[in-house]
Amino acid sequence: MELENLRFGTELLKRGFAKMQKGGVIMDVTTPEQAVIAEEAGAVAVMALHAVPADIRKMGGVARMADPAIIEAIIEAVTIPVMAKARIGHFVEAQILEALGVDMVDESEVLTPADEFHIEKAKFTIPFVCGARNLGEACRRIKEGAAMIRTKGEAGTGDVSQAVLHMRMILGQIRSLKGMDDLQLLKVAREIEADLDLVKECARMQRLPVVNFAAGGVATPADAALMMQLGADGVFVGSGIFKSESPAAMAVAIVEAVHHYDDASFLANISKGLGAAMKGLDAATIPEAEALQNRGW
Amino acid sequence: MARIGVLALQGDVSEHVQALERAAAGKAQVVGVRKPGQIEECQALVLPGGESTTICRQLQSSGLTEELKAAALSGKPILATCAGLVLISQEVEGDNKVRPLGLMDIKISRNAFGPQRESFEADLQVKGLNRPYRAVFIRAPAICEVGREVEVLARVGEAVVAARQKNLLALAFHPELTEDARIHQIFLKMLEA
C-alpha cells in the first residue's frame, strides 16, 4: 500500500464524518473538565467554546473563536471528536481551527459575523456544520461546502420553540417538493435562492443530502426527544447542560433521551430528579435585533 | 429469509441498512436492532461506524452486551466497521475510555491516523478481491496486533485495516459509504456458509 495514494478532505470524508455523529449528542464545553464529563456521559463529540451561548448573550460585545489554548487543552482531554466555532465568514479563524487539529468547524451565528459572505467551506480539508432556519439557507450552506446542517433555533435561551420551528420548516419544505416536476422544482429553487440540483436531490431523497441536527434551545431530555421525534438526526446541546443544576446527570439523561426518543415511559424515568434545568429566556421576548438566528442569510 | 440486524444505538445505521439491502437484492431482510430480544432473532449482525465510547456506553445501559456476546460465540457472522472494530477487539492500546467486548483476538489503536484532517480515502488491496477497493477511513482505528486465529485481509502501510477470525469480519474503514458492494458480498457469503 503506497501511502502517497491517499486522498484527504474529500466530500465523502466530510459528509461521512457527520454521518458518524448520527443518533448522538454534541455538547458545548468551555473547559477540559467539562469535556471529560461530556465524554463520560456518552456525548459523540464536544464543541469547544470560551463561553456557552447563554453567557455570550449576557456578556454582549463581540463574540469570537475560543482561545486556541483552551481548544488544545480540550483536544488533549478527550478521545471523542472536538468541534469549535468560527465567526460567519471568518475563514482565518477556520484556518486556525483546522491547524489546531479540530475535527469539525461550526460556522456559527452564536458568534459575531465577520462578513456578508459565508466561508468557502469546500476549500477546507476538515468538514463544517452550519445553522439554517429553512431549506433555502440549508441548501446555500451545503452548496458552499457544509457537510452537516443544524437548525439555528435561538441559542442560549433554553427555549426549544425556535429549533422546533426551523426543523418543521426545513422538513416541511422538503415534503412539499414530493411529486413536483422539473419546472416546479426550478421555480422553488429560484424562490428560495437554492441550487437547483440540491433542491432536486432533496425532492428525490425526501431529506437533506447531509446530516441534519437540532440545535438552539434544547435544555431537557424531553426537548432532545422532541427534536428526534420531529426527525432530527441528532442533537446539539449548548447551555442546556452546564447551565443546569447537575450537569453530569443532565448530560447522561439527554444522551439516553436521544437513544430512546420514542419510549415515553423510559423518558419519564430518566427525567426524574435531574434538578433544575437552565433558567432560560422566552425566545418571543427577545427583540428582533438581538435574535442570534437572524445572523447569516 | 435470513434476517440481518444492524446495531442501532448510534452511528451510520441507515447507511449500513441500505448498503446491505442493495447487496442482498431481496435475499435478506435488514433491520435495526436496539432492544433486548431483537439480536436473538437475527442470523447475522452488523456493528456500524459511530463513536465507540458512546456505543460502548449505550450497549451496557441497553443490556445488549450479553446478547451480542452470545451471538458472536454461537457463530453468527458479524461485520464490525470502525467503531464496531473497536468494540469487538480484545484490547485497546493506551486508552481506557472504551471497554471492548473481547470477541476477536486483536489489539487495536483508536484514532490511529489522527484527527479528521488526516482522514483519508485509499485504494486497498484486499485479500480475496481481484481489483483494488476504494476504502473510506474516518478518524479510523487500526489493528496493531493479531492473534494466531486471525487472517489479515488488508493493510495501510504497517497497520492492519481488515481482518477475519472465523465468523467475525472487522474493518477499520466504511464499506457502507461507497457504492462498491464487494465487502458486503463477502459478509453475505459468510451467512450462506
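Of A:Ala35, A:Ala146, A:Ala276, the residue with the greatest mean-square motion in the GNM of chain A, using alpha carbon springs below 10 Å, is A:Ala276. When the inverse distances between all different Cα atoms of segment B:2-192 are averaged and flipped, the Kirkwood radius reads 16.2 angstrom. Taking the DSSP beta bridges with both ends in chain B, the antiparallel portion is around 50 percent. Inter-chain Cβ neighbour count for B:54-67, averaged per residue, equals 3 (cutoff 10 Å, partner chain atoms only).
Restricting attention to chain B, lysine pairs at least eight places apart or on different chains and with alpha-carbon atoms under 22 angstrom apart total 18. Full extension of the chain between A:Arg64 and A:Asp195 gives 44.1 nm of extra length, using 0.36 nm per residue less the Cα-Cα distance.
Sorting B:Arg110, A:Arg175 by the number of Cβ atoms found within 10 Å of their own Cβ, with the fewest placed first, yields A:Arg175, B:Arg110. Cβ-Cβ distance of B:Val152 and A:Ala291, R₀ of 60 Å, FRET efficiency by 1/(1 + (r/R0)^6): the value works out to about 0.60.
Can you compute the FRET efficiency between A:Asp282 and A:Asp115 using 1/(1 + (r/R0)^6), with r the Cβ-Cβ distance and R0 = 22 Å? Round to the nearest 0.05. Here the calculated transfer efficiency is 0.10. All other residues whose Cβ lies under 12 angstrom from that of A:Ala284 are scored, Lys and Arg at +1 and Asp and Glu at -1, for a net of -4.
Distance from the C-alpha centroid of segment B:26-49 to that of segment A:175-215: 32 Å, rounded to the whole angstrom. When the P(r) of segment A:23-70 is calculated, the portion above 12 Å amounts to 62% of the C-alpha pairs.
Pairwise Cα separations in the protein assembly as shown fall into 10 Å bins from 0 onward with the following percentages, short to long: 4, 21, 31, 27, 14, 3, 0. For the pair A:Ser271 and A:Glu33, a Förster radius of 22 Å applied to the C-beta separation gives a FRET efficiency near 0.30, rounded to the nearest 0.05. Here the relative contact order of chain B, from alpha carbon pairs under 8 Å that lie six or more residues apart, stands at 20 percent. As a proxy for reagent exposure, ranking A:Cys130, B:Cys144, B:Cys56 by other Cβ atoms within 10 Å from fewest up yields B:Cys144, B:Cys56, A:Cys130. Listed by chain and number, the aspartates and glutamates placed with their C-alpha closer than 15 angstrom to that of A:Lys19 are A:Glu11, A:Asp103, A:Asp233, B:Asp12, B:Glu15, B:Glu51, B:Glu176; residues fewer than eight positions away on the same chain are left out.
Shown for B:Asp123, A:Asp159: other C-beta atoms within 10 Å of each C-beta, ranked fewest to most, produce the order B:Asp123, A:Asp159. Here A:Lys243 is the anchor, and the aspartates and glutamates within straight C-alpha reach of less than 14 Å, apart from those fewer than 8 places off in the same chain, are A:Asp28, A:Asp55, A:Asp159.
Taking the helices alone, chain B has a mean residue ellipticity at 222 nm of -7500 deg cm²/dmol, built from -39,500 (n - 2.57) per DSSP H run of at least 4 residues and averaged over all its residues.
Read-outs throughout are calculated quantities, based only on the coordinates presented, and are distinct from any laboratory measurement. Keep in mind it's a predicted model, so treat the numbers as computed, not measured. Neighbour counts run over all protein chains shown; Cβ positions are idealised from the backbone, glycine included.
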